[in-house]
Amino acid sequence: MLIELRAPAVSPARDLALRPWCADDLDALVDAYRDPVLRRWTRLPVTNPGEGRQWLDRVSRDWNDGHRYSFAVLQDDPDGPRLVANVVLKNATPDGPTAEVGYWTASWARGRGVAPRAVTALSRWAFDQFPGLTRLDLLHQVDNLASCRVAQKSGYVFQEVLPARPPFPLDGHRHTLVAG
């Protein structure tokens with residue numbers, strides 16, 4: 001897949017590149033999922049290389065089927081690109097008015113503005129790529145304060161509290177970004 005999005009550097013943060021996941025990302029994916037905080041907020045944990053390969057196969061299938069568009073977020077480092085996050089566009093259709101954005105950030109990249117810049121780049125791409133799209137939603141559990149901050153920094157506006165539903169035991173927040 002030849003799609004690559006860029007999130008320019010904001011001093012002191014470095015440039016970010018967003019591209020579809022590939023098999024070469026396996027080790028970095030497994031490393032990222034060693035973080036218990038990341039595993040707490042994700043539905044499909046990756047605890048070993050076998051699960052990592054299944055995860056990568058799933059995101060590739062979802063991309064090819066047009067169900068979900070997951071991007072590996074890489075930071076330009078002196079030693080080469082380093083995986084710092086994942087962003088995903090869910091439920092987007094060519095004429096559909098709404099879709100959902102999700103993300104996670106590797107533990108070593110938190111607190112440096114990676115997630116807001118990656119979410120913003122993905123959001124711009126989504127509105128450009130899907131002409132009928134008028135609104136993006138970012139959902140998170142009420143106790144995930146970091147996700148609330150990411151939503152705000154990415155221009156998403158709080159809309160409502162959503163009731164808990166499996167697999168998430170607590171109520172959630174819905175933040176939205178409208179096209180324009």
Solvent-accessible surface ranking, highest first, for Arg82, Arg174 at 1.4 angstrom: Arg82, Arg174
Accessible area per residue, 1.4 Å probe, Å², for the chain: what's the number? 53
Label-point separation in nm, Leu162 to Thr47, each point 7 Å along Cα→Cβ: 2.7
Per residue of region 102-114, in order, report the coupling 6.51 cos²θ - 1.76 cosθ + 1.60 (Karplus, θ = phi - 60°) as ³J(HN,Hα) in whole Hz, putting x for Gly and Pro. x, 6, 9, 10, 5, 4, 6, 10, 6, x, 10, x, 5
For a quick check: with amide H placed at 1.01 Å from N, whose amide H comes under 5 Å from Asp35's, ignoring anything fewer than 5 positions away on the same chain? none
Averaging sequence separations of C-alpha pairs under 8 Å and six or more residues apart, then dividing by the length of region 23-180, give the relative contact order as a whole percent. 16
Express the carbon and sulfur contribution to the solvent-accessible surface of the chain as a percent, rounded to the nearest whole number, probe 1.4 angstrom. 52
Computed lengthening from Trp108 to Val142, 0.36 nm per intervening residue step minus Cα-Cα distance: 9.9 nm
Roughly what would the spin-label model give for Thr93 and Asp77, points 7 Å off Cα along C-beta, in nm? 4.1
With +1 assigned to the C-beta of every Lys and Arg and -1 to the C-beta of every Asp and Glu, and no other charges, what is the dipole magnitude of the chain about the Cα centre in debye, to the nearest 20? 400
What ranking, highest mean first, results for peptides 123-130, 111-118, 37-44, 159-166 when packing means the other Cβ atoms within 10 Å averaged over each residue? 111-118, 123-130, 37-44, 159-166
Burial-style ranking of 74-80, 56-62, average other-beta-carbon count within 10 Å with highest first, yields 56-62, 74-80
Given (i) 17.4, 57; (ii) 15.5, 45; (iii) 16.6, 59, the label whose value is Rg and Dmax of the Cα atoms in Å derived from this model: (ii)
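The values are calculated or read from the model by the stated rules, or taken from the named source; none is laboratory data. This structure is a prediction, so every number in the text was calculated from the model and none was measured. Positions of Cβ are generated from backbone atoms using ideal geometry, with glycine treated the same way; all protein chains shown enter the neighbour counts. What goes into the accessible areas is simple: the full protein's heavy atoms, side chains included, and nothing from ligands, DNA or RNA. Shrake-Rupley method; radii C 1.70, N 1.55, O 1.52, S 1.80 Å.
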